[in-house]
Amino acid sequence: MKNYERIVKAFGMTNMLIEADLHQIEENFSIDLGRNRGSLKTQHDSRLQFDVSVQSEAAEMASHYEVFYCLEKSIRSLITDVLEAVEGEGWWVSSRVPTGIQTEVEKRIKRERESAVTLRSTEPLDYTTFGELSEIIKASWPMFGSVLNDLKAVETVMARLNTLRGPIAHCSPLAEDEVLRLKLTLKDWFRLLK
C-alpha cells in the first residue's frame, strides 16, 4: 500500500472520529449543529415502535459502530494489499493464512450458502473474525513489518479493539470510559502504521 493511501485512510478515520465527537456534543447539549443527519424518526420510521430511550441509545451507539466498521474494513484492506503484493491474487490459499482460519472460513461460507441468504462477500477474508485478522498479521509478520511498527504493539492494540468491539457488535452501550478507550485505541492503531 502506498503511503498516500494510508494517509487518505487515516484522514477518513480522523473525520469519522470528529463526526462521532460532534454527534456527542449535539446529544449532550441538545443542539443541532446543522450536519444534516436528519432526525431519528424521519430517518427510520420502523424505529418508532421502540421505546424512545432505546432509540436514543441506538443513535449514540451508531457512531461507534460506524467508526469500528470503517476501522475493520481498513484493516481487511491492509491485509489484502500486503499479502496480495507478496503472493499475488491467490494469497488466501497460500501459507500466509493459517490453515485453521481457512478451514473455519470455509465452514462459515458453507453455512451461509446453505441458509439460502445472499452471501455477504466473495472474499474469504470478509468471513474472518476480528481476532483472526490479528492471527493472519502475526502469521505473516515479515510482510507486515514494512507497514506496521511492532508486532507486540499490534497484538496489544488488536486485542484491545477486539474487547471494545463486543459491546458495539452485540447491542450494548459503551460506558463513557470505554468510549474514550475506543478513541485512544484508534489513535494507537494509526500510530502503528508506518
Virtual spin-label span in nm between K110 and N15, 7 Å along Cα→Cβ: 4.2
FRET efficiency, 1/(1 + (r/R0)^6) with R0 22 Å, evaluated for F29 and F50 via beta carbons: 0.35
Measure of compaction for region 106-181 (Cα Rg per 2.2 N^0.38 Å): 1.38
Contact order normalised by residue count of region 70-154, Cα under 8 Å, 6+ apart, percent: 32
Label-to-label distance, nm, for residues given as D150 and S172 (7 Å Cα→Cβ offset): 3.0
222 nm mean residue ellipticity, helices alone, for the chain (DSSP H n ≥ 4; -39,500 (n - 2.57); rounded to 500): -23000 deg cm²/dmol
Region 41-194: C-alpha gyration tensor shape, a/c 1.5 cut-off, then a/b vs b/c: oblate
Dipole of the chain [Lys/Arg +1, Asp/Glu -1 at C-beta], most positive-end residue of F11, V147, L184: V147
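Quick note: the coordinates plus some simple rules give every number you see, no bench work behind them. Values in this document were obtained by computation on a predicted structure and should not be read as measured data. In this analysis, Cβ positions are derived from the backbone assuming ideal geometry, glycine residues included, and neighbour counts consider all displayed protein chains.
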